[in-house]
1. Restricting attention to region A:225-238, which residues are away from every other protein chain (no Cβ under 14 Å) and open to solvent by 10 Å² or more (accessible area, probe 1.4 Å)?
2. State yes or no: is residue A:109 away from chain B (no Cβ under 14 Å) and open to solvent by 30 Å² or more (accessible area, probe 1.4 Å)?
3. Does residue A:473 satisfy the condition of being open to solvent by 70 Å² or more (accessible area, probe 1.4 Å) and out of contact with any Phe, Trp or Tyr (no Cβ under 8 Å at 6 or more places or on another chain)?
4. Looking at B:119, B:103, which is the one that is in contact with a strand residue (DSSP E or B) (Cβ under 8 Å, 6 or more places away or on another chain) and either within 12 Å of chain A (Cβ to nearest Cβ) or surrounded by fewer than 20 Cβ atoms within 10 Å (Cβ to Cβ) (or both)?
5. Show the residue pairs that are 6+ apart or on different chains and have beta-carbon atoms under 8 Å apart, the first residue being within region A:972-990 and at the interface with chain B (Cβ under 7 Å from one of its Cβ atoms), the second being among the aliphatic types (A, V, I, L, M) and part of a loop (DSSP other than H, G, I, E, B).
6. Can you tell me which residue within region A:991-1001, out of those that are touching a residue at least 12 places away in the same chain (Cβ under 8 Å) and either at the interface with chain B (Cβ under 7 Å from one of its Cβ atoms) or part of a strand (DSSP E or B) (or both), is surrounded by the most Cβ atoms within 10 Å (Cβ to Cβ)?
7. Every residue in region A:326-343 that is assigned to a strand (DSSP E or B) and closer than 18 Å to residue A:238 by Cβ, please.
8. Need the failing condition index for residue A:528 against (1) over 24 Å from residue A:107 (Cβ atoms); (2) polar (S, T, N, Q); (3) crowded, with 23+ Cβ neighbours inside 10 Å, just the number.
Amino acid sequence: MAASDKTGAVMVVGGGISGLQSALDLADSGFKVYLVEKQPSIGGAMAQLDKTFPTNDCAMCIMAPKLVATGRHHNIELITNADIVKVDGQEGNFTVTGKQRALRVDASKCTGCGSCAQKCPIETTDEYNENTKVRKAIFVKYPQAVPLVYSIDQDKCIGCGICAEECKADAVDYDQKEKDFEIKVGSIIVSPGFDEFDPRLKAEYGYGVYQNVVSSIELERILSATGPHFGTVLRPSDGDIPEKIAFIQCVGSRDEKVGNEYCSGVCCMYSIKEAIIAKEHGGNIKPKIFFMDMRTFGKEFEEYYNRAKDEYGIEFVRSRVASVFEDPETKNLIVSYVEKGEPKEEEFGLVVLAVGLRPPEDAEALSKVMNFSLNDDGFCETGAFTPVSTSRPGVFVSGAFSSPKDIPMTVAEASGAAAKAASEISSARNTLVTKKEYPAETDVSEQEPRIGVFVCHCGINIGGVVNVPSVAEYAKSLPNVVYTEENLYTCSQDTQEKIKQMVKEHNLNRVVVASCTPRTHEPLFQNTIKEAGLNPYLFEMANIRDQCSWIHMHEPTAATKKSKDLVRMAVAKSRLLESLENLTIDVNQQALVVGGGAVGMVTALELAKQGVKVHLVEKEKELGGNLLKLHYLQSGDDPMEYVQSLAKEVTSDPNITTYIGKTIKDIDGYVGNFKTTLESGEEIEHGTVTLAVGGQEYKPDGEYLYGKNPGVMTLLEFKAKLKRGEAKGDSYVFIQCVGSREDGHPNCSRVCCAGTMTAAIKIKEKDPDAKVFVLYRDIRTYGFREKYYKEAAEKGVTFIRFDDDAKPVVEDKGGKIEVRVTDEDTDKEVVLTPDNLVLATGTRPSDGSEELAPMLKVPIMKEGFFLEAHMKLRPVDFATEGVYVAGLAHGPKFLDECIGQGLATVSRAMTVLSKTTLEAEGIVASLDETFCDGCGLCVPTCEYKALEIVPNEKEEGKKLVDVNVGLCKGCGACIGACPSGALTQKGFSDEQIVAMIDAALEETADKQEVKQ
Amino acid sequence: MSSATPNAQSQEKAEGDDFEPKIIVFCCNWCSYAGADLAGVSRLQMPPHFRVIRVMCSARVDPEFVLRAFQKGVDGVLVAGCHPADCHYIGGNYRTRRRIALLRMLIQQFGFDPDRLRLEWISAGEGEKFQKTMVSFTKTIEEIGPSPMGGGD
């Protein structure tokens, strides 16, 4: 590779879910990453959440694998407890100076065992649990924290020395000093997240005065199984379960008085989620949500809202709460509000304030240090076409720092920012990453097992309960065990050296460690034996701490016996372990992008910038997609100019081949090795596929006189007329939610409210006397778009809310349009006779999605949009690897969000396309062909479409199953379905698991003695 | 906390004469095994008679494993997986649910109380649910008594 003048490293500032995603994408595509976090552990706000909407997934369950992957990644360096002080240089070559505050614990020695905190005499409030719980002065932020290193809270520590004495690893270092660092990187991504609005500023709700008024994030911790009451909803004043809970929305959002005019975008959904979970935790709890507009605008959100109402019986009241007062006797709270003009009061046991999102406290400092601009609301400024770029070239942004947003949008942006960061320094890819070299592996297949067992004391964590010497002694008596040893900490650096030495000295060909959990420590030990020349799969663990000494602390005899059993089981499996090879798959480093709209073009251009050959297929006669029909953008930018410049760039880029006016006949293959055939006969070979097939505006079938009266048109049709100056008359009525939020199309189309505001404002700008009415159900101008709603209202647009069950009635009165609607606020019927009736119709998937889905084995939802691999954390991926989705094909959304997703697919695709080969999972299904008769029972059990019935080449007329290791994820679901025992899972074979079962149920030696 | 841990003394006494059930717990790697670990991190106490076998997905629990355990004299088998919709492998746990329902019918035909086989959804955040499950399952098995195949210890 030619020497690059750029630096092949990226700094990511902020280690929440956004920073994790950016870091993992970059490190997986050939860049060195420095992840700087101001707290001692990464994880950010998501780590505090109990569940996530709209799937109610456990937040920690889905996040922990990413935390661990980040902590372990060979090319990600974590710099925690640190701040950025100075950024010099320019894009491609920055020098970042920072300070790492002292943890007062040596991170290289701390094993995270927690003995220090058990003994620390100082208790203080626990920020992770929003002060609903206490922690010690020496602490780790949360149990699954990465890195799992304790630190001393300098403000609380009294320096008594107990922790230092308690720490057998000698990690406590009271004299540790602050450290300066200076790092050279090519690009920077800022993702510092957000702060919550301080509800004390809304004094009328009594937060901080009344004990039973809590913030939504406090309730999140109360609901959590790891929270103060293990998930039971108990109110702070007396620990009673509150019968009625009030949720007050928009606390610190949509509120000029507190200076936050924007909508925080996530609170409606998180309050519904918290209400559902509270109800699930205590069946008699009755939640009631007080809101102004219900903004459930995301994918599947409206259905979630409907379920909350219909299935969970959660009550919703459309009203802004005026005040909250406490009954001093009962500590109950009296909520005063106005509903339909009538003042009301109601008593609740607990009041939850749905606090909005603020820019992080250090936003201004960060913007000064890094030299980029903030917007009027104090968030990072971005552009309509550049959603992840700051005003400083080479510095990118993602997550809630650029605007309040939910996790899926954050994760997509994080990948998008990673793509932009990588493009700038693409020439320096693979220059700073290191690949570890290991000695040649010993072939152990013909050797009798020689097992070494290392039993850990874990300071006193195991040794204080379990009789470790007797466990080690017992291990010696087991067949094939030729060496045993006890360690104070088996995970410490010196023990790793010891293990390697013992492997050599005793010719060990299997290693068993009895200590903590393989979830966190298996890779460490696997790496150690790899360094000693053993295949990493010749390793097994017995979990005698987390699942033994810690849960049977008062039963030393039973815990010791259990430890022996667990060691015996591990040894039994170990005897049958085999070396496994991580198979490699060749990668064709070209990309296919389906769809030549804005998203498809942005995706193709960005891939091309990273040196990838791109094939862009568009079925229409020209590039541009929906943007050709979009005449206005709220930001004031010209969409036509943008789309034309994109098309010009695409057609002149030497790395992009376009196939205009062509459709796809078939796609075959798997990650790294796809083959696409066009109807016109051309064949394309490529390694990844991005689906950017767009969507389309819904055209009603006669509803509201559409197609019957020329004055009735859709929003896009109207905007075209307005642009051309063809709109007639001076009176306009907009009807919202046409073809959205109703039977058959239950979800919200997200963009129509703001689109209506843009049109209404344009009308008023041209003719301030025009009569403009908007008939709506909820106005959903989330985020900064709220200002367009406000502007429209200020310009004199009249908003009339109609009830969900009382749609407006439109009639043709001799060619004139008559609209009758009942105003929900006044219950009075309003009759309007507009010259123009504009229908804000929903977004539908584009034609042809249904044919593409089966070719790629990817799922489609009932509404016709593609269904991603995981709604929260894999928003642009499919379960089928190497296939990605962006833009309207995924669901309705705004242009900037579409672009963000398009960029995200680039980053995801580059984790494949930047390599010449991919390593498949080691633990995969494998087939013994002699037993397979091709019955196919296994095929439907595979969620990853890795199994396929093919003709048996060895036997004419017979069939068998083909396992595609490129697609197999190693779950093992197919093996249980195989009736002939032909399928097995490497690393978890039937024999190995049966050996563990048998060993668990074996009569042990000491037991036999007792019986005799 | 509703810990039903016998204290050390009663444990020592129980050893040798009283019924000590043998229980095998299959935990999926991503949710339930992590939940069991969290129970440990949170120091939640529970009866010590179970042994965990880790599998990548609860759907890996071959019916053969369960039958083998009963054949070898296990007193109870618990299979723990991710909650519906939480499965790391998308839908493995739904298959587990069907398999366990069938297996319960099958072991009954072999003369085992079907309650000796239980399926539970335990997430990575539910250390306490793991503890409660182990307490209640151990109690159930103690009530049913030793396996007809000669269980107990």
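The values are calculated or read from the model by the stated rules, or taken from the named source; none is laboratory data. Everything numeric here is computed off the predicted structure, so don't read it as measured data. In this analysis, Cβ positions are derived from the backbone assuming ideal geometry, glycine residues included, and neighbour counts consider all displayed protein chains. Just so you know, the surface numbers come from the protein's heavy atoms only, side chains and all, with ligands and any DNA or RNA stripped out. Shrake-Rupley method; radii C 1.70, N 1.55, O 1.52, S 1.80 Å.
1. Step one: filter region A:225-238 for residues away from every other protein chain (no Cβ under 14 Å), giving A:233, A:235-238.
Within region A:225-238, A:235, A:236, A:237, A:238 meet the criteria.
2. Values: away from chain B (no Cβ under 14 Å): yes; open to solvent by 30 Å² or more (accessible area, probe 1.4 Å): yes.
Yes, satisfied.
3. Details: open to solvent by 70 Å² or more (accessible area, probe 1.4 Å): yes; out of contact with any Phe, Trp or Tyr (no Cβ under 8 Å at 6 or more places or on another chain): yes.
Judged against the criteria, residue A:473 is a match.
4. Working: B:119 fails: either within 12 Å of chain A (Cβ to nearest Cβ) or surrounded by fewer than 20 Cβ atoms within 10 Å (Cβ to Cβ) (or both).
Only one candidate qualifies: B:103.
5. Once the first residue is at the interface with chain B (Cβ under 7 Å from one of its Cβ atoms) and sits in region A:972-990, its partners that are among the aliphatic types (A, V, I, L, M) and part of a loop (DSSP other than H, G, I, E, B) give A:972/B:56; A:976/B:61; A:985/A:923; A:985/A:924; A:985/B:56; A:988/A:923; A:988/B:56.
6. Here is the first cut: in region A:991-1001, the residues touching a residue at least 12 places away in the same chain (Cβ under 8 Å) are A:991-993, A:995-996, A:998-1000.
If we keep only those that are either at the interface with chain B (Cβ under 7 Å from one of its Cβ atoms) or part of a strand (DSSP E or B) (or both) too, we end up with A:993, A:996, A:998, A:1000.
Working: A:993: 25, A:996: 27, A:998: 15, A:1000: 23.
The extreme case among them is A:996.
7. Taking region A:326-343 first, the residues assigned to a strand (DSSP E or B) are A:326, A:333-339, A:342-343.
Residues satisfying the conditions are A:326, A:333, A:334.
8. (1)
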